[in-house]
Amino acid sequence: MPDCTRPLPLSLCIATALATLLMAGCVSAPVSSPSLSAASVSSQPARQAESVTDYFASFTDQWMRRQPSAATASRYFDGAEQDAMDRQITPETDAFEQETVALARQGLAGLAAFDRASISDTERVSAELMRWQLQMIVDGERHAGTQFPLNQFRGANVNLPNLMTVIHPVGSARDAENYLARLRLFDPRMNEATRAARERADQGILPPRFILQATIAQMQQFIAPEPASNPLVTTLGEKLASVAAVDAAARQRLLDEAARIVQASVYPAWRTAIAELQAQLPRATDDAGLWRFANGAQAYAHRLRQFTSTALSAEDIHAIGLSEVARIETEMDSILRSIGRTEGSVTSRIDQLQAELAYPDTDAGRSQIMADIETMIRDAEVRADALFDIRPKSAVIARPYPEYRWASAAASYTAPPLDGSRPGVYQMPLRKDRLSRFGLRTLVYHETVPGHHFQVALSVENKAVPAFRQVRAFGGISAFSEGWALYAERIAKEENWYEGDPEGLLGQLDAELFRARRLVVDTGLHAKRWTRQQAIDYGIPPSEVERYVVIPGQATSYKIGQLEIIRLRDEARAALGEKFNPRQFHNLLLLTGTVPLELLDQEVAAWTVSQR
């Protein structure tokens, strides 16, 4: 097997990675003792390792020792070190974030010590990716205060329960004890987030009134059940049911203790946070965008750079969105007319179609949509053979969100860990407006096959790249990952997966239209002073608008990434003619992994030359 740490062509290393993925499993990680203390961040650059590959490994180890929640999600470590990580939760303090930025600066200094001319192509891509990601973290420091620690989509009030219900493993009695140890940390971690929210409010950084209201409502629903019926307890019970080494009596003791912790510390921490957000309501307004803050325009420009990995301005993106909306609506109108739907706007006709294809808003309807999703995933796996000759070893499963998340959650994908102990997980919110067959196939393709599951799980399993790329240690590149998933939707259309199903094809186009409208609405909210109602009137559901408010810029990554991937593919196909092989092109993208679009452009250009 070629050594991809030596100067070899990237195409050879990709071929090696392909063979590895076809024959081997996941890689285990090094072991050392965890630490979350400030002492783990030195003020001096890290000592230059023997090679840049060693540096990637040692710096990522240092980074992940401060990130126990992420270490659990990826199963980054082994043995005693991983076990210790599984009993901790990453802090929610501003001080911790400042230490993280300091470590990113240290990482950049260490990386700069290596001569790029002396490393291989694969190492160069990894070095450029690490530099880009760490620089984004450093550049974001000045804008960190514009983020809301408590919010309905990605606040501590969402991330903490998700860590337990989706990510934390329970395959043994020790895992269950670790679960309880973590549950005991909900109180200090939630209080840290509440304190940070209070400090921001004191500085005039308040969420919009409607975000406060949505977050309060969600948190109140979370603490409404009796403790024993809270998802933190019921999920533990569900996971323990398959652990043969834990008998019924031991299982009940663990569940009783979990319920006691929820009652004694989790619920009180949530009530304290709710009280803080309620106290902020009188001072809040309905102004939605970053424009309302000092340096808000600069903060938004940074978010667009972070999420699109391009230099496109808000004006550029807004204009692209308007153009794409017009193009897609014209195509949809043509198909709607071909099936006899001629009256009303495109939006009104699609709304009618979605209602006609709705599932009942009942337990039976929700069970049926989950069963249909399962069928669609397995069908997509078969259809994908024509376009993909590699695929993840990890399986993908679908499950609904806990009910308290339904109102605000979007469909999502959670990657499998390095050790393959958990499948990729596609989560679906089962609120009424998501209970429709219309667009469901397209959503499944986006989140699972050949979308996120193929791209993200293959990255996790790709042993030819450094661990920081496998586990996205320094964050993802949304334009690539979301762009790939939207590209996956497009190739299903191009490959006639919707043949004989005009409603299904309309669902694909509607999903693409939705992402085009996001370009208009996100930039409208944050750069053009749009209101929440303007965004809703443009065709974006309220829960989605609220998502864009609390994660500025992220919604622009999908369409920008898709358009760039399509451009790169079409240019490569035009240059290569009959030599263009879509499977090999997809191998290149999937095995290059998550990189900024500007770096992807370079890799595709080099690959195209190599294929001539």
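The values are calculated or read from the model by the stated rules, or taken from the named source; none is laboratory data. Model, not experiment: these values are computed from the prediction. Note: ideal-geometry Cβ built from the backbone for every residue, glycine included; neighbour counts use all protein chains shown. Keep in mind that these areas ignore ligands, DNA and RNA; they rest on the heavy atoms of the full protein, side chains included. Shrake-Rupley method; radii C 1.70, N 1.55, O 1.52, S 1.80 Å.
Table for the structure above
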item	result
Verdict on Leu486 being part of a helix (DSSP H, G or I), within 26 Å of Tyr300 (Cβ to Cβ) and touching a Lys or Arg at 6+ places or on another chain (Cβ under 8 Å)	yes
Selected residue (only one of Asp121, Asp139 is in contact with a His (Cβ under 8 Å, 6 or more places away or on another chain) and open to solvent by 10 Å² or more (accessible area, probe 1.4 Å))	Asp139
Within region 537-579, considering residues that are of a type in the set (Gly, Ala, Ser) and in a helix (DSSP H, G or I), the one nearest to Ala407 (Cα to Cα)	Ser543
Residues satisfying the stated conditions in region 421-475, i.e. open to solvent by 10 Å² or more (accessible area, probe 1.4 Å), among the hydroxyl-bearing types (Ser, Thr, Tyr) and closer than 24 Å to His586 by Cβ	Ser459
Among (1) in a loop (DSSP other than H, G, I, E, B); (2) open to solvent by 60 Å² or more (accessible area, probe 1.4 Å), the one test that Pro392 misses	(2)
Within region 305-343, tally of residues that are at positive phi and open to solvent by less than 50 Å² (accessible area, probe 1.4 Å)	1
Residue satisfying condition, being open to solvent by 10 Å² or more (accessible area, probe 1.4 Å), among the aromatic types (Phe, Trp, Tyr) and in a helix (DSSP H, G or I), within set Trp270, Trp291	Trp291
Positions within region 578-594 being in contact with a Phe, Trp or Tyr (Cβ under 8 Å, 6 or more places away or on another chain) and of a type in the set (Lys, Arg), in sequence order	Arg583
Failed condition for Thr165, given (1) surrounded by 19 or more Cβ atoms within 10 Å (Cβ to Cβ); (2) among the β-branched types (Val, Ile, Thr); (3) over 20 Å from the mean Cα position of the chain (by Cα); (4) in a helix (DSSP H, G or I)	(3)
When residues of region 395-421 are limited to those that are part of a loop (DSSP other than H, G, I, E, B) and of a type in the set (Ser, Thr, Tyr), the one modelled with the lowest pLDDT	Ser408
Qualifying residues in region 232-265 (those that are among the polar types (S, T, N, Q), open to solvent by 40 Å² or more (accessible area, probe 1.4 Å) and more than 14 Å from Gly171 (Cα to Cα)) - the one nearest to the chain's Cα centre (by Cα)	Thr234
Top-ranked residue of region 521-543 - restricted to ones that are closer than 30 Å to Gly340 by Cβ and within 26 Å of the chain's Cα centre (by Cα), ranked as surrounded by the most Cβ atoms within 10 Å (Cβ to Cβ)	Ile540
Among the residues listed as Leu576, Leu568, Leu563, the single one being of a type in the set (A, V, I, L, M, F, W, C) and open to solvent by less than 10 Å² (accessible area, probe 1.4 Å)	Leu568
Those residues of region 73-83 which are over 17 Å from Val456 (Cα atoms) and either within 16 Å of the chain's Cα centre (by Cα) or open to solvent by 30 Å² or more (accessible area, probe 1.4 Å) (or both), in sequence order	Asp78, Gly79, Ala80, Asp83
Residue list for region 425-454, filter: touching a Pro at 6+ places or on another chain (Cβ under 9 Å), part of a helix (DSSP H, G or I) and farther than 25 Å from Glu356 by Cβ	His453, Phe454
